[in-house]
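Below you'll find the structure, written out as structure tokens, and then a few comments.
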Amino acid sequence: MTAPAPARRVVPARVRIMGWMLLLMAVVLVTVTVVTRTLLMQKVDADVTAALEQEAGELTRVARAGVDRATQQPFRNVRELLFNHLHRQHPDDDEVIVGWVSSGEVLAQDRVEPFRLADRPDVLDPILSSPATSGSVPTDAGEMRWIKVEVSGPVGDRGAFVVGYFVDRDRVDIDATIQTLLVVSVVGLLLAALAAWVVAGQILTPVRLIRRAAAEITERDLTQRIPVAGRDDIAALAAQFNAMLDRLEQAFGTQRQFVDDASHELRTPITIVRGHLELMGDDPAERADVVRLCTDELDRMSRIVADLLVLATAERPDFVQPAPVEVTELTSDIYAKCRALGDRDWRLPAIGEGVASLDQQRVTQAMVQLAQNAVQHTGPGAEIQVASTVSDDNLSFWVADRGPGIPPADADKIFGRFTRGSTNGAATHRPGAGLGLAIVQAIAEAHNGTVSLHQTPGGGATFLLTLPSR
């Protein structure tokens, strides 16, 4: 038997958002730190190079002129040139300047230097003997960048001017700055983590509410809704979720209504059929009567189920399929179908003209149902009117009869399911399931219209179906 796979560990979205945000910030901060250090180090190198070249350039100009600026007399030898120039310099704390003459003498300023180059032949001699004019050498005080200018005097003597710069102190300052930047970055990351946790929690609040509501939703409780605040995508998601719950609640409500209505209305005919079948004897005439009664009840159940299915589908968006229809032609067709319902004095007092957008079959179904009700509440030869009119915005159909009418007490409830109004003693009335007017109202509402009851002048009932003409 295969062992069940271990459950995957779910990482909350809030943690993932915070993690990705911190990772992005960390990458940015590390990149900024590395680039900043690189640029600062390059700037130090460039500044050191510029300082060394400046010192070398000054000596080159003095040697080229060959004149003491204080006395305006020519230098007598290299030593005098180097000595004069050396003691006019003001080196930085990290800078050392020495002069060397071919006699072996090393000239240096009388000052405390970070590294006395004149006293370190192990460092100075390789520089003097090197064919290069610049370079770098390690020392006890750190790396020293140097530049060398060789000069010759009027008596054939030679010398060299060496300038050294210790760069480690500047680099230490840069490293201290970078360390401070790293500490600030870490603190910034911590603050960003806290801010990301709070902000992500606020943003994901509707999502958590949706998850919690989805976990609590059952077929019997669809009342949970998510508070919608703001205009972002999360708020739109919450609004769509609420709309979905509205549709589900409506669908489940329709389903429950269908089941309740079916069980309520089908219980009686089923009981009648079962009772007669259980008590049916062997007499052929009795059997024929039972079969006829059972067939009639089964037909009634079939009509009830068909009507309930119509009402159940009335909640669907495709219950009606509007299309342009000629009102005159539709009215004529409805009138022709209604005349076949019974021996009545059918009248067509008005016919609307124009084109309306509606579902022809559903409107016909509603009008025939209203006409059928009129036939059931009137006797042979009674007058029934079927008509239509068109106004600027509305299309109206109506069915008016001269029957006993409907009591005012029943006017507000006759459009409910399984509601039967009083017949006022109509002899031809056959009680139905009470779904006809509910279907008419569903068709009217699906067209964004209304159906209403009015008293016919002189007695009777008039049902008015009003629909938008566009």
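The values are calculated or read from the model by the stated rules, or taken from the named source; none is laboratory data. No experiment lies behind these values; they were computed from the predicted model shown. Here the Cβ positions follow ideal geometry from the backbone for every residue, glycine too, while neighbour counts run over all protein chains shown. For accessibility, only protein heavy atoms count, side chains too; no ligands or nucleic acids. Shrake-Rupley method; radii C 1.70, N 1.55, O 1.52, S 1.80 Å.
Within the range 31-43, if we keep just the residues that are open to solvent by 90 Å² or more (accessible area, probe 1.4 Å) and of a type outside the set (Lys, Arg), the residue that is nearest to Ala196 (Cα to Cα) turns out to be Leu39. For Pro138, the conditions (1) assigned to a helix (DSSP H, G or I); (2) more than 24 Å from Glu58 (Cα to Cα) all hold with the exception of (1). Would the range 216-230 turn up any residue that is assigned to a helix (DSSP H, G or I), at pLDDT below 85 and either in contact with a Lys or Arg (Cβ under 7 Å, 6 or more places away or on another chain) or under 27 Å from Val11 (Cβ atoms) (or both)? For the range 216-230, residues assigned to a helix (DSSP H, G or I), at pLDDT below 85 and either in contact with a Lys or Arg (Cβ under 7 Å, 6 or more places away or on another chain) or under 27 Å from Val11 (Cβ atoms) (or both): present.
Residue by residue, here is whether (1) modelled with pLDDT under 85; (2) hydroxyl-bearing (Ser, Thr, Tyr); (3) within 17 Å of Gln321 (Cα to Cα) holds:
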{"position": "Thr428", "(1), (2), (3)": "yes, yes, no"}
{"position": "Pro431", "(1), (2), (3)": "yes, no, no"}
{"position": "Gly434", "(1), (2), (3)": "yes, no, no"}
{"position": "Ala444", "(1), (2), (3)": "no, no, yes"}
{"position": "Asn448", "(1), (2), (3)": "no, no, yes"}
{"position": "Leu453", "(1), (2), (3)": "no, no, no"}
{"position": "Gly459", "(1), (2), (3)": "yes, no, no"}
{"position": "Phe463", "(1), (2), (3)": "no, no, no"}
{"position": "Pro468", "(1), (2), (3)": "no, no, yes"}
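Here Leu86 meets each of (1) modelled with pLDDT of 90 or more; (2) open to solvent by less than 70 Å² (accessible area, probe 1.4 Å) with one exception, condition (1). Residues in the range 44-77 that are open to solvent by less than 60 Å² (accessible area, probe 1.4 Å) and within 19 Å of Val149 (Cβ to Cβ): 18 in all.
Set side by side, the residues Ala132, Ala141, Ala160, Ala176 differ, and just one is open to solvent by 30 Å² or more (accessible area, probe 1.4 Å) and touching a residue at least 24 places away in the same chain (Cβ under 8 Å), which is Ala141.
Of all residues in the range 190-205, none that is loosely packed, with under 12 Cβ neighbours inside 10 Å has its Cβ atom under 9 Å from the Cβ atom of a residue that is aliphatic (A, V, I, L, M), 6 or more apart or on another chain. Among the residues of the range 285-314, those that are of a type in the set (D, E, K, R) and open to solvent by 40 Å² or more (accessible area, probe 1.4 Å) comprise Glu286, Arg287, Asp289, Arg292, Asp296, Asp299, Arg300, Arg303, Asp307.
Residues are listed down the side, and each one gets a yes or a no for (1) in contact with a strand residue (DSSP E or B) (Cβ under 9 Å, 6 or more places away or on another chain); (2) under 28 Å from Phe166 (Cα atoms):
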| position | (1), (2) |
| --- | --- |
| Phe75 | yes, no |
| Glu80 | no, yes |
| Leu86 | yes, yes |
| Val96 | yes, yes |
| Trp100 | yes, yes |
| Gly104 | no, yes |
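Is at least one residue of the range 327-339 farther than 23 Å from Thr466 by Cβ and open to solvent by 40 Å² or more (accessible area, probe 1.4 Å)? Within the range 327-339, one or more residues are farther than 23 Å from Thr466 by Cβ and open to solvent by 40 Å² or more (accessible area, probe 1.4 Å). Could you tell me how many of the residues in the range 368-397 are open to solvent by 10 Å² or more (accessible area, probe 1.4 Å), in contact (Cβ under 8 Å) with a residue 60 or more places away in the chain and either part of a helix (DSSP H, G or I) or hydrophobic (A, V, I, L, M, F, W, C) (or both)? Summing the residues that are open to solvent by 10 Å² or more (accessible area, probe 1.4 Å), in contact (Cβ under 8 Å) with a residue 60 or more places away in the chain and either part of a helix (DSSP H, G or I) or hydrophobic (A, V, I, L, M, F, W, C) (or both) in the range 368-397 gives 4.
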